[in-house]
1. Restricting to the range 313-331, name every residue that is exposed (fewer than 13 other Cβ atoms within 10 Å of the Cβ) and under 20 Å from the mean Cα position of the chain (by Cα).
2. Among (1) within 24 Å of Leu178 (Cβ to Cβ); (2) surrounded by fewer than 16 Cβ atoms within 10 Å (Cβ to Cβ); (3) not hydrophobic (A, V, I, L, M, F, W, C), there is one condition Gly223 misses while meeting the rest; what is its number?
3. Quick check on my filter: what residues within the range 332-347 are closer than 21 Å to Asp177 by Cα and either part of a strand (DSSP E or B) or under 12 Å from the mean Cα position of the chain (by Cα) (or both)?
4. Taking the range 230-251 only, how many residues are of a type in the set (Ser, Thr, Tyr) and surrounded by 10 or more Cβ atoms within 10 Å (Cβ to Cβ)?
5. For residues that are touching a residue at least 60 places away in the same chain (Cβ under 8 Å) and of a type in the set (D, E, K, R), scanning just the range 271-318, find the one that is farthest from Gly223 (Cα to Cα).
6. Within the range 302-313, can one find any residue that is polar (S, T, N, Q), in a strand (DSSP E or B) and within 21 Å of Ser233 (Cα to Cα)?
Amino acid sequence: MQCPHCGRESDPLFKFCLHCGKELGGRKAAKAEPAPAEAKAEAEAAPAPKAAPAPKAAPAPKAAPAPKAVPAVVAGAPESAADVGSVRCPRCRAKIAVDTTVCRLCGFRLGQAQPAPERGAGEAGSVTTQVTGRKAGVGYLISVSSVDGRETVRVQLKAGRNTLGRGGCDIRFPEDDLLAPQHLALEVTEKDAQLLPDDTRNGTYLRMNDQILLNHGDLFRIGQQLLRYEDLSEVEPVVAPMQEGTQVLGSPSGPKAWGRLTQVVGETVDGNSFLLASENVFLGRERGNITFPGDRYISGTHAVLTRKADGTWLRDVGSSNGTYVRVAGPTPLPSGQFFLAGRQLFKLQLGQ
């Protein structure tokens, strides 16, 4: 059924929404308040005193039932009382009694270390924080759902160095198997921040805000595609040079190519390779020189590679989900900047 509070679909077997934690049908109950009916019934009963003589005005006490109209308010009172005597489960946000030790909905045992909110399929697992012995918070690191852009985890950042990874860090995502035990660090002050990526297997990717100059071997991501750029002048020849005037047999290459774009499937496995020959090579899901029709996270036209005198430039052309380039060294992070690490899409928010 549809949650009347956040509008998302939730299992009708649950009393509380799995997304926002609010009571399913709560608004309907408010609409069905019996107060108006009771008030109307009393109003209809009230005319009887009007027909009575002035002396019999004493039945005014009978008008006292007006307080009985209070049941309309009292009808909400138990709910308010419940609010006073209840708390939200830290994991699923369902209402539970203050004297309850285990959440009846998700099974979380109260008193455990900070749990992460429940997330949808394809999102990361739990996150744990350990930021004791530091100065007051100067901002937040927000994990954002790549499906609908909603916030899934918000972690307060402390002034100084904040490490992030799968384990042994200030901010931990133990269920994210694409993160290294220590994957990166954020050096944060009240005014700015710096991303310090470790030399990990899967790397850290920064969302592009402007065009960048690509170097041979650079990796970037669009949608679910991990692509490697290669400058053909840097690629080792795959056959021996011409000998005794004999040409090497091969397929025609067409216009003189200057680069190659290769899908990275695994650590030692490459997918399709595409020769880059024209001045502008557009990438997209439906339109462009190179298309990925099965990737729904790529826009119709997503990015473009442009060959100039000083090298090859990569530019995002207004895609919905952005283009991300792997960073190798310390990189400034402005507030609002997005970056990818493991299965997480992060957003930095500086300030309280």
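Since every read-out is calculated from the coordinates, none of them should be taken as a lab result. This structure is a prediction, so every number in the text was calculated from the model and none was measured. Heads up, the Cβs are rebuilt from the backbone with ideal geometry, glycines too, and the neighbour counts pull from every protein chain shown.
1. The answer is Gly318, Ser320.
2. All conditions are met except number (2).
3. Phe338, Phe339, Leu340, Ala341, Arg343, Gln344, Leu345, Phe346, Lys347
4. 0
5. Among residues in the range 271-318 that are touching a residue at least 60 places away in the same chain (Cβ under 8 Å) and of a type in the set (D, E, K, R), the one farthest from Gly223 (Cα to Cα) is Asp310.
6. Checked against the condition, which is being polar (S, T, N, Q), in a strand (DSSP E or B) and within 21 Å of Ser233 (Cα to Cα), the range 302-313 yields at least one hit.
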